[in-house]
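Report on the following structure.
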Amino acid sequence: ELKEEIEALRSALEDTRRELEKRYLDIDTIYRIVKRIHAALNMEELAGIAKDILGEVLRLKTYSLAVFNSSAGWQCLFPAEKNLSSRETESVLQEIRTRAPQWAESQATFVLTAELETKKASEPTSLVCLPLSAHQKCVGALVTTGQAIKSLSKEDLDVLSVITTQIVVAIENSRL
């Protein structure tokens with residue numbers, strides 16, 4: 001009986017060690033990403049870094065990341081997209097501009113139904129829009145497919161939140 005108890009404790013300890021190791025790797029990844037983001041000297045460089053991170057680290061295949069200057073008529077300061085046509089991107093950007101004032105209060109996500117050119121017209125795809133905030137104001141959004149969001153683990157969503165927040169901070173710093 002004592003042997004079984006010791007084995008159960010050893011197993012629990014090994015599970016805890018694996019979990020701590022995974023969390024350490026997540027924190028290390030976030031640190032390296034944040035360091036890379038804040039090393040960018042201009043918007044073009046930051047856009048390239050953001051695309052790399054969203055594609056390589058989070059494996060998003062389709063997305064649009066946009067940050068706006070609300071004081072300049074919602075002019076797009078920072079667009080980064082992958083696998084969206086210019087028409088689709090502009091449609092997404094317009095939707096974000098329309099909803100941004102509501103987001104400033106609620107910070108809720110919303111789902112769009114869009115017909116992406118990569119899909120048949122009869123098969124609409126849901127796009128999930130995640131608001132990006134700075135100083136309690138909505139300054140943009142990350143838009144990706146509902147399928148991509150569903151495939152992300154809780155840890156991946158946490159990393160996504162940290163990354164997008166740091167991108168917004170880097171953009172704000174670059175503007176200043």
Which entries in the list 61/154; 22/154; 35/137 go over 22 Å, if you measure between the two C-alpha atoms of each? 35/137
Using a 1.4 Å probe and ignoring any ligands, DNA or RNA, find the accessible area of residue 36 and quote it in Å² to the nearest 10. 100 Å²
Cβ-Cβ FRET estimate between residue 15 and residue 56, R0 fixed at 22 Å, reported to 0.05: 0.15
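The values are calculated or read from the model by the stated rules, or taken from the named source; none is laboratory data. Just so it is clear, the model here is predicted, and its values are computed rather than measured. FYI the Cβ positions are ideal-geometry reconstructions off the backbone, even for glycines, and counts take in every protein chain you see. Areas reflect the complete protein model, heavy atoms only, side chains present, ligands, DNA and RNA absent. Shrake-Rupley method; radii C 1.70, N 1.55, O 1.52, S 1.80 Å.
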